[in-house]
Amino acid sequence: MDFIIRQSGLFDIYEKVQAGQRISAEDGMRLFDSNDIVAIGKIADARRVRINGRNAYFTMNQHINPTNVCRNDCLFCAFYRKDGEEGAYRMSLQTIRHKVEERLAENIREIHIVGGLDEQLPYQYYIDVVRTVKEIRPEVNIKAYTAVEIAFLSEISGKSWAEVLNDLIAAGLNTMPGGGAEVFSPRVMRKLFMDKLTAAQWIEIHHIAHSKGIRTNATMLYGHIETNRERIDHLIQLREAQDISGGFLTFIPLAFHPENTRMHKLPLATGFTDLKMISISRIMLDNFPHIKAYWVMLGVNIAQIALSFGADDIDGSVVEERIYHMAGSKSAQMMTKKQMQNLISETGHIPVERDALYNEIVTQVA
Amino acid sequence: MNINLGSIEQKILNEERLSGQEGLYLFEQADLLWLGMMANHVRRRKHPQRKVTYIIDRNINYTNVCVASCNFCAFYEKVGGEKAYVLNNDEIASKIEETIALGGTQVLMQGGLNPALKIDYYEELFNFIRSNFPGIRIHSLSPSEIAYVAKISKLTLEETIRRMHEAGLASIPGGGAEILVDRVRKVLNANKTRTDDWLEVMATAHRMGLKTTATMMFGHVETLSERIEHFLRLRQLQDQTGGFTAFIPWTYQPENTELGGEKTSAHDYLRTLAISRLMLDNVPNLQVSWVTMGDKIAQVALEFGGNDFGSLMIEENVVSAAGANFRLSLEQIRRLISDAGYEPHQRDMEYNLLN
């Protein structure tokens with residue numbers, strides 16, 4: 001089969017990956033410029049097997065989006081509302097308590113909490129959301145607030161980023177999601193999300209979290225106006241940040257969903273782009289333990305195929321995902337454990353139910 | 001000889017034919033990327049230019065009345081059923097006018113096994129279309145319908161096809177093949193047309209100079225060796241006649257059907273598509289199915305052996321009744337093809353490039 005990879009002109013990259021070596025930004029550009037997605041997938045699979053063998057992870061999780069009121073106006077977002085606008089909501093702590101309690105019977109391992117930058121809510125509310133969830137489910141891993149939210153909480157409280165993180169950790173925070181990274185390009189930032197963090201700030205907040213023992217994820221929002229060069233720059237910055245701290249767990253490429261956003265005229269990313277993003281991230285980010293094919297955003301079909309193209313995680317059962325569904329995602333709200341196991345097994349991988357830190361959940365058979 | 005991936009790879013590179021046993025080995029052992037690379041290699045050998053074709057046509061379901069009652073079908077109505085219909089000429093004419101306005105070149109008329117419609121109905125219908133829309137190709141019916149019309153009109157197959165052809169039928173779509181194994185057809189209650197009947201209609205049409213396509217509906221009750229059997233029956237006939245222009249595998253859509261069950265996965269679809277490219281070495285073209293798999297997987301399927309994006313499908317009622325609800329515009333189809341690095345080209349049924 002080697003000759004087919006040779007024909008693609010990417011054989012030197014394949015050899016480097018097989019030897020466990022790092023590839024350069026220019027190599028990354030060559031991968032993006034190629035349309036030979038199966039050859040690229042094969043190279044990514046070589047990296048994947050070295051890092052994760054044939055394991056493919058899933059988790060039983062829950063998403064809570066406490067508020068959709070946001071002071072920012074990111075062009076790519078269909079989720080946010082202005083205060084008082086139709087469809088705006090903010091959940092009381094009572095509502096959040098209820099949402100956690102109604103799924104107490106399920107073996108949920110991870111609760112993912114992200115929302116808007118809601119200026120009408122006090123600092124304490126954001127801390128109490130974490131505390132409330134932790135009180136009801138002390139054993140669950142709370143993965144809460146993107147770096148953008150941390151910076152916002154610092155701003156409204158006058159506390160430093162580190163102090164905000166200390167308060168959240170005291171309330172029960174265990175890990176941090178990787179959102180808000182968007183694309184680390186000043187050009188894209190100026191056009192799409194003026195008020196957000198710079199790349200350096202986003203990375204610094206993650207580094208502070210890492211120094212406190214908090215593992216975090218990283219994302220990239222692709223499929224809008226970013227160039228291949230900007231994608232590669234983003235990956236290189238993450239790779240360098242990871243070299244410094246080693247605190248990142250998972251990279252999640254997120255496809256932009258144009259529906260109901262102010263960029264609705266843009267087409268949805270194609271299957272080629274989705275698979276290239278998964279594969280090239282896996283190949284470039286040699287120091288990231290995991291690459292996730294988030295099925296809610298890719299759809300179940302591409303998420304399944306992505307397992308052969310470098311991904312080793314498909315996220316979880318979810319239930320009530322709002323952010324992508326408001327942007328027109330047609331995927332279901334949940335998958336059962338059985339569905340996730342079947343989807344993985346069929347691809348020749350080993351389904352492994354994980355907790356938030358990728359420890360295997362061993363189910364006791366009575 | 002011992003079968004292994006290395007020996008199969010060698011045969012593929014030497015352009016040797018794979019046996020049924022080897023095909024089955026691929027279903028059981030070969031991983032997705034290996035199959036993609038091999039199928040893509042064969043596809044490039046057959047179609048060295050970086051072009052992907054599509055056709056603009058319209059499915060016109062002239063009737064939904066069908067006595068076959070296949071349990072995987074969500075479209076049919078029984079005779080006298082509440083929603084039973086037969087389209088009249090005015091309705092058909094206006095659908096064809098819309099098709100022409102959208103750049104369409106062909107109509108694909110498919111309906112059911114309707115006991116009220118004998119050979120004269122089809123002769124009149126095709127004559128009507130040919131005289132009013134001489135530029136439109138009539139690529140219509142299916143072997144099941146043709147065999148049924150022959151039976152109720154008390155004609156031989158040859159006579160039936162000859163009369164339809166003289167009235168304007170230019171070619172025959174490969175629908176109703178399902179899985180060409182009688183055990184499966186019995187379970188699906190699709191055995192009004194047996195495997196041999198289906199193949200006999202195609203053989204007869206090919207001998208008379210009509211081109212046809214061939215389909216496979218998979219992911220229901222068939223075994224992997226029955227999929228291989230399907231490939232082998234088609235390959236054998238193609239060796240004799242050369243009349244198939246394309247193979248079109250698509251996945252069973254379970255919604256609203258009596259058979260029910262789950263949709264098969266994208267992984268199964270891509271592997272099956274790739275194996276069909278490797279097995280059907282004598283069929284020139286392989287269509288991807290965006291209607292059942294969606295735009296993302298259909299595009300990816302171009303690297304798993306597919307060289308044709310199928311039809312714009314101005315109208316489709318059969319698989320959409322069973323839960324397939326993907327829709328694409330011409331602009332989207334062309335963009336998906338270009339995004340994959342191919343030139344998009346409109347074609348006709350015989351794969352001549354238009355414009």
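The values are calculated or read from the model by the stated rules, or taken from the named source; none is laboratory data. Because the structure is predicted, anything quoted here is derived from the model rather than measured. Counting neighbours? That spans all protein chains shown, and the Cβs are built from the backbone with ideal geometry, glycine included. Heads up: the accessible areas ignore ligands, DNA and RNA and are worked out on the full protein's heavy atoms, side chains in. Shrake-Rupley method; radii C 1.70, N 1.55, O 1.52, S 1.80 Å.
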Taking R0 as 60 Å and r as the Cβ-Cβ distance between residue A:105 and residue B:93, the FRET efficiency 1/(1 + (r/R0)^6), rounded to the nearest 0.05, comes to 0.50
Over its Cα atoms, what ratio of radius of gyration to 2.2 N^0.38 Å does the range B:244-344 give? 1.07
Any chance you could run the full-extension gain for residue B:207 through residue B:29? It's 0.36 nm times the residue separation minus the Cα-Cα distance, nm to one decimal. 60.3 nm
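Tell me the carbon and sulfur percent of the accessible area for the range B:175-285, rounded to whole percent, probe radius 1.4 Å.
Details: 1600 of 3610 Å².
Whole-percent figure for carbon plus sulfur exposure: 44.
Counting protein heavy atoms only and a 1.4 angstrom probe, how many square angstrom of accessible surface do chains A and B bury in total, to the nearest 100?
Numbers: alone 14620 and 14530 Å², together 26630 Å².
Summed over both sides, the interface buries about 2500 Å².
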Straight-line reach check, residue A:265, cutoff 17 Å on alpha carbons, 8 or more apart in-chain or any other chain, hits among lysines -> A:191
Considering the options B:300, B:174, B:243, tell which one lies farthest towards the positive end of the dipole of the range B:19-346, charges being +1 on Lys and Arg and -1 on Asp and Glu at the Cβ, about the Cα centre. B:243
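Of all accessible surface on chain A at a 1.4 Å probe, what whole percent is carbon and sulfur?
Details: 6750 of 13370 Å².
Taking all protein chains in place, chain A shows 50 percent carbon and sulfur surface.
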DSSP beta bridges in the protein assembly as shown: the antiparallel percent, rounded to 5, is 10 percent
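Express the accessible area of the range B:132-235 per residue in Å², computed with a 1.4 Å probe while the remaining protein chains stay in the model.
Working: 3570 Å² over 104 residues.
The answer is 34 Å² per residue.
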Options A:183, A:164, A:251, ranked by Cα towards positive dipole end of the range A:24-353, top entry (Cβ charges): A:251
I'd like to know how chain B sits against the 2.2 N^0.38 Å rule of thumb: what's its Cα Rg over that expected value? 0.95
At what distance in nm do the modelled label points of residue A:266 and residue B:196 sit from each other, each positioned 7 Å from its Cα along Cα→Cβ? 6.0 nm
Residues of the range B:263-285 losing 20 Å² or more of accessible surface, assembly versus chain alone, probe 1.4 Å, please list them. B:265, B:266, B:267
Find how much the distance from residue B:86 to residue B:225 grows on full extension, using 0.36 nm per residue of separation minus their present alpha carbon separation; answer in nm with one decimal. 46.2 nm
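Just to be sure I understand: if I project the alpha-carbon convex hull of the protein assembly as shown onto a plane and average over all orientations, what area do I get in nm²? List each step's numbers first, then the result.
Numbers: hull surface 133.4 nm².
The orientation-averaged projected area of the Cα hull of the protein assembly as shown comes to 33.4 nm².
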Where both partners of a DSSP beta bridge lie in the range B:19-346, what percent of those bridges are antiparallel, to the nearest 5? 5 percent
What distance in nm separates the two pseudo spin-label positions at residue A:11 and residue B:186, each 7 Å out from Cα along the beta-carbon direction? 5.3 nm
Relative contact order of chain B, pairs being alpha-carbon contacts under 8 Å that are 6 or more residues apart, as %: 24 percent
For q = 0.09 Å⁻¹, Debye-computed log10 I/I(0) when each Cα of the range A:24-353 counts as one equal scatterer: -0.43
Along the charge dipole of chain A, which of A:340, A:305, A:317 sits closest to the positive end, that is, farthest toward it, with unit charges on the beta carbon of Lys, Arg, Asp and Glu (+1, +1, -1, -1)? A:305
Could you give the dipole magnitude of chain A about its Cα centre, charging the beta-carbon of Lys and Arg +1 and that of Asp and Glu -1, in debye to the nearest 20? 280 debye
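With a cut-off of at most 13 other beta carbons within 10 Å, and DSSP calling the residue loop, which GluC sites (Glu not before Pro) in the range A:101-134 qualify? Please list them. Working shown, then result.
On the way: sites: A:101, A:102, A:106, A:110, A:119; in loops: A:102, A:106, A:119.
Passing both the DSSP loop test and the Cβ count: A:102, A:106, A:119.
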Rounded to one decimal in nm, the spacing of the 7 Å Cα→Cβ label points at residue A:86 and residue A:229 is 4.4 nm
Taking only C-alpha positions in the range B:67-135, Rg and Dmax in angstrom work out to 14.0, 38
Looking at the range A:1-51, which trypsin sites (Lys or Arg not before Pro) are in a loop (DSSP not H, G, I, E or B) and have at most 16 other Cβ atoms within 10 Å? A:22
Which of the lysines could a cross-linker span from residue A:212 if the Cα-Cα distance has to be under 22 Å and same-chain partners fewer than 8 positions apart are dropped? A:134, A:143, A:159
May I ask you to list the residues of the range B:82-99 whose amide nitrogen lies under 16 Å from a point 7 Å from Cα along the Cα→beta-carbon direction of residue B:128? B:85-98
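With +1 assigned to the C-beta of every Lys and Arg and -1 to the C-beta of every Asp and Glu, and no other charges, what is the dipole magnitude of the range B:73-147 about the Cα centre in debye, to the nearest 20?
Values: 6 positive and 10 negative charges, 40 e Å.
Its charge dipole is roughly 200 debye.
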Work out the FRET efficiency for residue B:331 and residue A:201 from their Cβ-Cβ distance, taking R0 = 35 Å, and round it to the nearest 0.05. 0.30
Could you compute the FRET efficiency for residue B:241 and residue A:97, with r as their C-beta to C-beta distance and R0 at 60 Å, rounded to 0.05? 0.25
With only Lys, Arg, Asp and Glu charged, each at its Cβ (+1 for the first two, -1 for the last two), find how big the charge dipole of the range B:132-271 is about the Cα centre; round to the nearest 20 debye. 280 debye
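Per the 1.4 Å probe, what fraction of the accessible area of the range B:21-93, in percent, lies on carbon and sulfur atoms?
Numbers: 1370 of 2960 Å².
Accessible surface attributable to carbon and sulfur in the range B:21-93 totals 46 percent.
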Return the residues of the range A:272-294 for which accessible area with all protein chains present is lower than in the chain on its own by 50 Å² or more; set the probe to 1.4 Å and exclude ligands, DNA and RNA. A:272
Binning every alpha carbon pair distance of the range A:66-219 at 5 Å from zero, what are the percents per bin? 2, 9, 19, 21, 21, 16, 9, 3, 1, 0
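Please give me, ordered by residue number, the GluC sites (Glu not before Pro) of the range B:41-92 that lie in loop per DSSP and have at most 16 other Cβ atoms within 10 Å.
On the way: sites: B:77, B:82, B:91; in loops: B:82.
Counting only loop positions with at most 16 other Cβ atoms within 10 Å, the GluC sites (Glu not before Pro) in the range B:41-92 are B:82.
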